[in-house]
Amino acid sequence: MNSLSTSASSNSSVSSSTSWFSGIVRGRLDKSSSLKMAGSSSSGGGLASNNEGPIKGKNQFRGVLFKYGPKSIQVAFKTGDYKQQVIFIGGLTDGFLATDYLEPLAVALDNEKWSLVQLLMSSSYSGYGTSSLEQDAMEIDQLISYLINKENSEGVVLLGHSTGCQDIVHYMRTNAACSRAVRAAILQAPVSDREYRATLPETAAMIDLATSMIKEGLGSDLMPKEADPSPITAYRYNSLCAYMGDDDMFSSYLNEHQLRMRLGHMSSTPCQVIFSMDDEYVPEYVDKKALVERLCRAMGGAEKVEIEYGNHSLSNRVQEAVQAIIDFVKREGPKGWDDPWS
């Protein structure tokens with residue numbers, strides 16, 4: 001079982017220098033600071049030392065576990081104690097420690113004075129079937145608001161894996177207040193759920209059923225268990241599997257106009273697309289090189305990174321993934337950025 005080595009967090013009334021986001025979002029200047037106490041362990045208790053680093057051992061992260069919203073699932077885990085954060089947003093069935101590259105990424109980010117934040121949302125683990133991109137976007141906004149107001153964040157970079165890429169694209173379209181704190185976005189494995197599911201024999205009939213249920217006002221009702229391993233509503237099944245469903249953003253059959261309509265708003269945010277050239281969730285008939293080129297063009301010239309022989313989660317190309325992410329974060333990080341509220 002994976003384990004988390006966590007610290008408890010409590011607020012004090014000590015005033016600190018104000019993040020340039022906080023007055024806009026909350027309308028207050030005095031900030032509360034967090035005193036992070038290390039939990040007692042075999043190595044002793046007391047204050048966490050500055051040189052412990054974010055990784056205690058294999059699959060053991062050192063950091064702070066905190067709630068960013070009122071729901072029991074709205075929990076996040078942060079390594080490092082820095083003013084700028086990379087927020088990892090996983091795909092379907094993902095939760096904490098979703099990909100192998102998160103461990104070395106946490107270390108590399110810590111060396112650059114960045115925190116790595118992993119969040120749980122209503123859609124995490126088996127919850128994706130009863131959630132939506134809209135719900136995910138609301139919860140991402142809640143997390144960023146927390147980081148701004150409780151952690152004095154000076155800006156975040158969003159890192160999406162798989163369906164987490166759809167979350168980022170959808171969130172940035174909302175123009176929510178906290179989305180202005182997003183200084184850059186990284187899409188790792190932005191692939192089409194629809195194109196993959198179209199290779200499964202039951203999909204066509206289930207799309208017809210979901211469409212009928214939605215027309216009858218039953219979009220929030222559950223599909224038969226044959227539709228998906230997890231409970232899934234007719235709406236979410238249609239969103240993931242139907243042509244031009246809400247989740248249909250990265251399909252190879254979308255024309256240039258359709259891609260621009262779905263991705264064009266990302267042109268105002270520095271973006272990187274990391275595409276695995278041996279992604280097992282991309283059908284063999286898809287020209288991956290042409291697809292990633294078209295996606296980057298639709299996003300206004302996003303940076304393209306092709307990982308040769310990389311699989312979907314890049315578990316076989318961990319160091320290449322970390323290097324690409326770190327290079328982009330260092331280049332697009334907040335140093336030298338303009339105040340977005342001005």
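The values are calculated or read from the model by the stated rules, or taken from the named source; none is laboratory data. As the structure is a prediction and not an experimental result, all values here were calculated from the model. Glycine gets a Cβ as well: all are built from the backbone with ideal geometry, and neighbour counts include every protein chain shown. Heads up: the accessible areas ignore ligands, DNA and RNA and are worked out on the full protein's heavy atoms, side chains in. Shrake-Rupley method; radii C 1.70, N 1.55, O 1.52, S 1.80 Å.
Scan (1) out of contact with any Cys (no Cβ under 6 Å at 6 or more places or on another chain); (2) under 22 Å from Ser122 (Cα atoms); (3) assigned by the TED database to the domain that holds Arg262; (4) touching a residue at least 12 places away in the same chain (Cβ under 8 Å) for the single condition Leu187 breaks and write down its number.
If we test Leu187 against (1) out of contact with any Cys (no Cβ under 6 Å at 6 or more places or on another chain); (2) under 22 Å from Ser122 (Cα atoms); (3) assigned by the TED database to the domain that holds Arg262; (4) touching a residue at least 12 places away in the same chain (Cβ under 8 Å), just (1) comes out false.
Might you let me know whether the range 176-197 holds any residue that is in contact with a helix residue (DSSP H, G or I) (Cβ under 7 Å, 6 or more places away or on another chain), open to solvent by less than 20 Å² (accessible area, probe 1.4 Å), at pLDDT 95 or above and basic (Lys, Arg)?
No; the residues of the range 176-197 include none that is in contact with a helix residue (DSSP H, G or I) (Cβ under 7 Å, 6 or more places away or on another chain), open to solvent by less than 20 Å² (accessible area, probe 1.4 Å), at pLDDT 95 or above and basic (Lys, Arg).
Assess whether Ser267 counts as being open to solvent by 60 Å² or more (accessible area, probe 1.4 Å), touching a residue at least 12 places away in the same chain (Cβ under 8 Å), small (Gly, Ala, Ser) and part of a helix (DSSP H, G or I).
Answer is yes for this residue.
With the structure loaded, tell me whether Gln135 is more than 25 Å from Ala321 (Cα to Cα) and either free of Cβ contacts under 8 Å to residues at least 40 places away in the same chain or buried (at least 23 other Cβ atoms within 10 Å of the Cβ) (or both) or whether it fails that test.
So Gln135 fits the description; yes.
Taking only pairs six or more apart or across chains, which ones have beta-carbon atoms under 8 Å, a first residue in the range 162-176 that is farther than 14 Å from Leu263 by Cβ, and a second residue that is open to solvent by 20 Å² or more (accessible area, probe 1.4 Å) and hydroxyl-bearing (Ser, Thr, Tyr)?
Ser162/Tyr281; Ser162/Ser313
Tell me which residues, restricted to the range 118-139, are more than 17 Å from Ser162 (Cα to Cα) and among the hydrophobic types (A, V, I, L, M, F, W, C).
The one that is more than 17 Å from Ser162 (Cα to Cα) and among the hydrophobic types (A, V, I, L, M, F, W, C): Met138.
Can you tell me which of (1) open to solvent by 10 Å² or more (accessible area, probe 1.4 Å); (2) closer than 21 Å to Leu92 by Cα; (3) part of a helix (DSSP H, G or I) is the one Asp327 doesn't meet?
Every condition holds for Asp327 apart from (2).
Can you run down the residue pairs with Cβ atoms below 7 Å, 6 or more apart or on separate chains, where the first is in the range 282-307 and on the phi > 0 side of the Ramachandran plot and among the small types (Gly, Ala, Ser) and the partner is in a helix (DSSP H, G or I) and open to solvent by 30 Å² or more (accessible area, probe 1.4 Å)?
Between residues of the range 282-307 that are on the phi > 0 side of the Ramachandran plot and among the small types (Gly, Ala, Ser) and residues that are in a helix (DSSP H, G or I) and open to solvent by 30 Å² or more (accessible area, probe 1.4 Å), the close pairs are Gly300/Ser267.
Go through the range 54-78 and give me each residue that's open to solvent by less than 30 Å² (accessible area, probe 1.4 Å) and either closer than 19 Å to Ala184 by Cβ or more than 19 Å from the chain's Cα centre (by Cα) (or both).
Pro54, Gly57, Lys78
Looking at the structure I just gave you, is Asp100 open to solvent by 30 Å² or more (accessible area, probe 1.4 Å) and modelled with pLDDT of 95 or more?
Yes; evaluated as a whole, the condition is true for this residue.
Condition first: closer than 19 Å to Thr163 by Cα and in contact with a Ser or Thr (Cβ under 7 Å, 6 or more places away or on another chain). Now tell me which residues in the range 298-314 satisfy that.
Met299, Ile307, Gly310, Asn311, His312, Ser313, Leu314
Residue-by-condition table, conditions (1) open to solvent by less than 60 Å² (accessible area, probe 1.4 Å); (2) over 15 Å from Gln188 (Cα atoms); (3) of a type in the set (Gly, Ala, Ser); (4) part of a strand (DSSP E or B):
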residue	(1), (2), (3), (4)
Glu226	no, yes, no, no
Pro229	no, yes, no, no
Arg236	yes, yes, no, no
Val273	yes, no, no, yes
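Restricting attention to the range 155-162, does a residue exist that is in the same structural domain as Tyr281 (by the TED database), open to solvent by 30 Å² or more (accessible area, probe 1.4 Å) and of a type outside the set (Val, Ile, Thr)?
For the range 155-162, residues in the same structural domain as Tyr281 (by the TED database), open to solvent by 30 Å² or more (accessible area, probe 1.4 Å) and of a type outside the set (Val, Ile, Thr): absent.
Looking at Ser122, Ser126, can you tell me which residue is assigned by the TED database to the domain that holds Gly91, open to solvent by less than 60 Å² (accessible area, probe 1.4 Å) and of a type in the set (Gly, Ala, Ser)?
Ser122
Residue-wise test of (1) closer than 15 Å to Leu119 by Cα; (2) not aliphatic (A, V, I, L, M).
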site: Gln60; (1), (2): no, yes
site: Gly63; (1), (2): yes, yes
site: Val75; (1), (2): yes, no
site: Lys78; (1), (2): yes, yes
site: Ile89; (1), (2): yes, no
site: Phe96; (1), (2): yes, yes
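Can you tell me which residue in the range 253-264 is nearest to Gly301 (Cα to Cα), limited to those that are of a type outside the set (Lys, Arg) and buried (at least 22 other Cβ atoms within 10 Å of the Cβ)?
The residue in question is Leu263.
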